[in-house]
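The values are calculated or read from the model by the stated rules, or taken from the named source; none is laboratory data. These numbers come from a predicted model, not from an experiment. Cβ: placed from backbone, ideal geometry, glycine included. Neighbour counts: every protein chain shown.
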Amino acid sequence: MASAFEYAPAPESRSVVDIAPSYGLFIDGEFTEAADGKVFKTVSPSTEEVLSEVAQAGAEDVDRAVRAARKAFQKWSALPGAERAKYLFRIARIIQERSRELAVLETLDNGKPIKETRDADLPLVAAHFFYYAGWADKLDHAGFGANPRPLGVAGQVIPWNFPLLMLAWKIAPALATGNTVVLKPAETTPLSALFFADICRQAGLPKGVVNILPGYGDAGAALVAHPDVNKVAFTGSTAVGKEIARTVAGSRKKLTLELGGKGANIVFDDAPIDQAVEGIVNGIFFNQGQVCCAGSRLLVQESIQDELLDSLKRRLSTLRLGDPMDKNTDIGAINSAEQLARITSLVEQGEAQGAERWSPACELPAAGYWFAPTLFTNVTQAHTIARDEIFGPVLSVLTFRTPDEAVAKANNTPYGLSAGIWTEKGSRILAVANKLRAGVVWSNTFNKFDPTSPFGGYKESGFGREGGRHGLEAYLDV
Amino acid sequence: MYSRYARRYARLVTMPTSAPAALADVTASDSTLRRFLHGLPGVDAVGLEARAASLGTRSIKTTAKAYAIDLAISMVDLTTLEGADTPGKVRALGAKAVHPDPTDASTPSTAAVCVYPDMVAAAKAAVAGSGVKVASVATAFPAGRAALAVKLADVADAVAAGADEIDMVIDRGAFLAGDYMKVYDEITAVKEACGTSARLKVIFETGELSTYDNIRRASWLGMLAGADFIKTSTGKVAVNATPANTLLMLEAVRDFRAQTGVQVGVKPAGGIRTTKDAIKFLVLVNETVGADWLDNHWFRFGASSLLNDLLMQRQKLATGRYSGPDYVTVD
């Protein structure tokens with residue numbers, strides 16, 4: 001037998017990015033310290049190395065940033081759409097030019113593989129700015145009547161799973177429609193948002209139009225509650241989303257929430273098996289499963305369960321887990337110790353409740369936060385791992401017998417963000433998709449994103465749509 | 001003339017079928033064969049191409065690259081299939097196959113030279129004693145539009161001249177017309193004509209089969225009929241080997257072995273010209289079927305210009321600088 005084909009290390013060069021030892025808040029076009037002088041450290045999840053020390057925003061800083069955004073709003077919203085578009089196009093081009101640097105930065109701060117930041121995150125970030133730049137001078141034709149008006153100051157709070165991409169989803173439509181923004185990145189991944197602040201300066205964006213406030217939940221809460229914020233956009237956990245909804249209730253603030261999910265990936269017996277296996281892997285192991293629209297519940301038709309699981313297990317054995325900076329890494333690090341603890345606890349519950357756990361042989365690095373790709377079989381609707389969002393590389397496998405049962409099980413969740421259908425039969429795709437209560441339904445693919453496509457949830461997965469023409473509505477007074 | 005060949009090879013045409021025991025029922029009749037092939041899982045074109053493209057982003061450096069280059073060289077079926085082929089040209093090709101890089105004796109030989117049947121004797125002489133095999137395209141290559149008896153005569157000539165391997169083309173017309181049994185019977189007949197001395201590579205001409213579903217069906221059809229290798233293309237049409245169609249055929253040989261225990265080789269041919277491309281194919285092999293196929297007994301490249309690029313990259317790895325086309329031999 002031939003010897004194995006071992007891939008030599010192929011690390012992306014870290015030298016393309018220059019991370020400063022400390023960063024400030026970005027308010028009114030300037031980097032400044034926090035009012036109370038507080039700072040926090042951001043670490044690389046794959047090594048636990050401290051990357052930088054970042055100013056930590058408090059209530060006073062939120063107020064300062066909202067005032068700056070309010071001041072900038074008047075001129076910014078009065079600019080002709082074509083002028084705002086020029087800034088957005090410029091930002092998009094700078095992102096493309098600096099994409100290698102930003103990809104490396106994101107991989108260091110988030111822990112996800114460079115392959116993903118390079119081939120998914122960064123191209124999508126630039127595409128999002130290009131797309132909404134194109135809308136800025138065409139708002140009259142977006143279906144909201146003549147001359148739709150912006151809302152004012154948008155307070156935006158984003159998660160750590162796609163730091164720069166979530167920023168793009170929030171900032172691009174807000175600026176295109178004439179709003180100004182105060183954005184709080186997650187405390188574990190503040191760096192790419194601060195680099196984006198630098199890009200805003202490079203693009204000559206007027207001061208105060210974009211303000212970035214790294215910080216913790218208290219800063220987010222202060223931003224959401226600030227009386228001079230007109231619009232609140234949040235992506236994150238359902239628990240925090242509910243808290244935000246309570247905070248803004250009774251105010252005039254417009255709210256969009258993009259929350260958790262427990263996506264069903266439904267594989268029928270006539271599915272293209274090899275591609276379905278790829279789709280399942282991409283659905284749950286993309287970004288270590290830390291994706292709100294992950295296909296975390298595999299619903300497989302009972303008649304092909306064994307065949308499919310054999311193929312899936314064989315495929316999982318080829319996944320390459322390790323140094324996220326290596327270009328051949330498929331599975332990187334979990335974003336934080338806290339998230340790792342949550343995944344571990346849910347997986348233990350899965351085992352305790354009698355589901356069968358399986359992982360491929362896989363060596364985890366000694367330092368950093370890691371979790372092996374995991375598969376649970378013998379899972380029923382009653383198991384916690386079939387109901388709660390795990391937000392990690394853990395797939396629960398359930399079976400069904402008929403299309404009706406598949407739809408019933410897929411919809412039997414408090415969430416409703418995403419779903420996937422795998423079948424070679426076009427009519428079945430359409431019939432099943434119509435019955436699924438999920439914001440995004442992929443057919444014969446999974447986790448495909450495009451700025452032209454609206455994204456958002458049903459039920460506890462939130463409300464409002466981001467992306468596409470629909471994404472404009474959240475930032476317009478309509 | 002035709003009747004003479006027909007009589008001579010009639011025995012071969014009526015030989016019993018050769019499907020492995022596990023799948024013997026499949027080839028019992030036209031309709032069982034058809035049902036089986038159409039019952040294979042469908043192929044989603046977008047997903048298949050996306051998977052092939054994503055494996056194409058693997059970064060193969062330093063020691064891994066050196067290993068891959070030597071492996072690729074050892075897997076080349078160094079090919080000349082021109083109307084203008086002469087014994088002299090074939091001799092030069094044979095010498096190149098045995099010692100691809102005259103400046104570096106550590107360079108592995110290629111797997112085989114691949115020639116038309118009338119050049120087999122010349123090729124045999126050129127590689128005598130080296131371990132390099134002689135493969136011959138037969139069966140009215142590349143169109144395959146000839147009577148079965150003519151095709152079998154073509155094969156018999158090549159085998160008689162000492163060919164170690166026969167690269168046959170299937171009857172794409174019959175396949176596209178849905179006459180799977182005709183294709184099957186032809187392959188089994190050619191397999192018989194190969195006897196025990198020659199391994200059979202079955203060329204589907206994937207560019208003419210056009211859909212991935214067809215390529216999967218053809219792969220199973222070829223393996224059921226006793227192919228030792230399944231091969232993408234002749235190199236004579238617009239679309240030849242691609243990462244996606246090769247990935248699909250690798251999946252087919254993987255699944256066939258799982259069901260029957262029989263291992264079948266894969267040969268992408270045509271259009272693979274650079275080391276970078278060749279390494280992408282080896283990554284496909286590595287991550288789809290694994291180490292069992294990383295050997296020139298089970299995987300080949302049908303190519304002519306690829307070898308010189310592999311040699312230049314090999315020299316670059318050894319010396320740290322690029323040499324240029326004047327530092328590899330032109331044959």
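For the stretch A:359-478, please list each of the helices (runs of 4 or more DSSP H) lying entirely inside it that holds at least 2 residues being farther than 24 Å from A:Val125 by Cβ. Give the derivation first.
On the way: elements: A:384-387, A:403-411, A:426-435, A:470-473.
Once the helices (runs of 4 or more DSSP H) in the stretch A:359-478 are filtered for at least 2 residues that are farther than 24 Å from A:Val125 by Cβ, what remains is A:384-387, A:403-411, A:426-435.
Can you name every residue in the stretch A:268-302 that is in contact (Cβ under 8 Å) with a residue 40 or more places away in the chain, assigned to a helix (DSSP H, G or I) and within 14 Å of chain B (Cβ to nearest Cβ)? Outline the logic, then answer.
Restricting attention to the stretch A:268-302, the residues satisfying the condition of being in contact (Cβ under 8 Å) with a residue 40 or more places away in the chain are A:268, A:270-272, A:275-276, A:279-280, A:282-302.
Cutting the leftovers down to assigned to a helix (DSSP H, G or I) gives us A:275-276, A:279-280, A:282-289, A:302.
Those that are in contact (Cβ under 8 Å) with a residue 40 or more places away in the chain, assigned to a helix (DSSP H, G or I) and within 14 Å of chain B (Cβ to nearest Cβ): A:Gln275, A:Ala276, A:Gly279, A:Ile280, A:Asn282, A:Gly283, A:Phe285, A:Phe286.
Output the residue which, of all residues in the stretch A:202-236 that are β-branched (Val, Ile, Thr) and within 25 Å of A:Leu79 (Cα to Cα), is surrounded by the most Cβ atoms within 10 Å (Cβ to Cβ).
Only one residue tops the list, namely A:Val210.
Please tell me if B:Ala218 is at pLDDT below 95 and either within 26 Å of B:Tyr116 (Cα to Cα) or of a type outside the set (Lys, Arg) (or both).
Answer is no for this residue.
Within the stretch B:38-66, can you find the residues that are more than 25 Å from the chain's Cα centre (by Cα) and more than 7 Å from chain A (Cβ to nearest Cβ)?
Correct list: B:Gly39 only.
Would you confirm whether any residue within the stretch B:75-82 is at the interface with another protein chain (Cβ under 10 Å from one of its Cβ atoms) and either at positive phi or in a loop (DSSP other than H, G, I, E, B) (or both)?
No - not one qualifying residue is present in the stretch B:75-82.
Might you let me know whether the stretch A:68-75 holds any residue that is within 22 Å of A:Leu213 (Cα to Cα), at pLDDT 95 or above, of a type in the set (A, V, I, L, M, F, W, C) and in contact with a Leu (Cβ under 6 Å, 6 or more places away or on another chain)?
Within the stretch A:68-75, none of the residues are within 22 Å of A:Leu213 (Cα to Cα), at pLDDT 95 or above, of a type in the set (A, V, I, L, M, F, W, C) and in contact with a Leu (Cβ under 6 Å, 6 or more places away or on another chain).
Among A:Asp306, A:Asp310, which is assigned to a helix (DSSP H, G or I), within 28 Å of B:Leu55 (Cβ to Cβ), within 12 Å of another protein chain (Cβ to nearest Cβ) and free of Cβ contacts under 8 Å to residues at least 12 places away in the same chain? So that I can check it myself, show each step before the final result.
Details: A:Asp306 fails: within 12 Å of another protein chain (Cβ to nearest Cβ).
Only one candidate qualifies: A:Asp310.
Check A:Ala438, A:Ala433 and return the single one that is in contact with a strand residue (DSSP E or B) (Cβ under 8 Å, 6 or more places away or on another chain), closer than 30 Å to A:Ala133 by Cα and assigned by TED's automatic domain parsing to the domain that holds A:Phe285.
Checking each option against the conditions leaves just A:Ala438.
Limited to the stretch A:62-92, what total is found for residues that are assigned to a helix (DSSP H, G or I), farther than 19 Å from A:Ala193 by Cβ and not acidic (Asp, Glu)?
15
Just to be sure, is A:Leu51 buried (at least 17 other Cβ atoms within 10 Å of the Cβ), aliphatic (A, V, I, L, M) and assigned by TED's automatic domain parsing to the domain that holds A:Lys207? It would help to see each step written out before you state the result.
Values: buried (at least 17 other Cβ atoms within 10 Å of the Cβ): yes; aliphatic (A, V, I, L, M): yes; assigned by TED's automatic domain parsing to the domain that holds A:Lys207: yes.
Criteria met by A:Leu51.
Within the stretch B:284-331, can you find the residues that are among the polar types (S, T, N, Q), touching a Ser or Thr at 6+ places or on another chain (Cβ under 7 Å) and either assigned to a loop (DSSP other than H, G, I, E, B) or within 14 Å of another protein chain (Cβ to nearest Cβ) (or both)?
Matches in the stretch B:284-331: B:Asn296, B:Ser304.
Suppose we keep only residues that are without any contact (Cβ under 8 Å) to a residue 40 or more places away in the chain and not charged (D, E, K, R) within the stretch A:79-102. Which one would you say is farthest from A:Lys327 (Cα to Cα)?
Filtering first and then ranking leaves A:Gln96.
Could you please find all residues in the stretch B:131-164 being under 22 Å from B:Pro100 (Cα atoms) and touching a Ser or Thr at 6+ places or on another chain (Cβ under 6 Å)?
B:Val132, B:Ala163
Looking at the stretch B:198-210, is at least one residue among the charged types (D, E, K, R), out of contact with any Lys or Arg (no Cβ under 7 Å at 6 or more places or on another chain) and part of a helix (DSSP H, G or I)?
No, there is no match, as no residue in the stretch B:198-210 is among the charged types (D, E, K, R), out of contact with any Lys or Arg (no Cβ under 7 Å at 6 or more places or on another chain) and part of a helix (DSSP H, G or I).
Being closer than 23 Å to A:Asn161 by Cβ, among the hydrophobic types (A, V, I, L, M, F, W, C) and surrounded by 20 or more Cβ atoms within 10 Å (Cβ to Cβ) narrows it down to one of A:Leu108, A:Leu88, A:Leu124, so name that one.
Working: A:Leu88 fails: closer than 23 Å to A:Asn161 by Cβ; A:Leu124 fails: surrounded by 20 or more Cβ atoms within 10 Å (Cβ to Cβ).
Checking each option against the conditions leaves just A:Leu108.
Here's the yes/no breakdown for (1) under 23 Å from B:Ile279 (Cα atoms); (2) of a type in the set (Gly, Ala, Ser); (3) surrounded by 19 or more Cβ atoms within 10 Å (Cβ to Cβ); (4) away from every other protein chain (no Cβ under 14 Å):
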{"position": "B:Ala126", "(1), (2), (3), (4)": "no, yes, yes, yes"}
{"position": "B:Thr139", "(1), (2), (3), (4)": "no, no, yes, yes"}
{"position": "B:Arg145", "(1), (2), (3), (4)": "no, no, no, yes"}
{"position": "B:Asp167", "(1), (2), (3), (4)": "no, no, yes, yes"}
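Just checking, does the stretch A:54-61 include any residue being surrounded by 15 or more Cβ atoms within 10 Å (Cβ to Cβ) and assigned to a helix (DSSP H, G or I)?
Yes, the stretch A:54-61 contains at least one residue that is surrounded by 15 or more Cβ atoms within 10 Å (Cβ to Cβ) and assigned to a helix (DSSP H, G or I).
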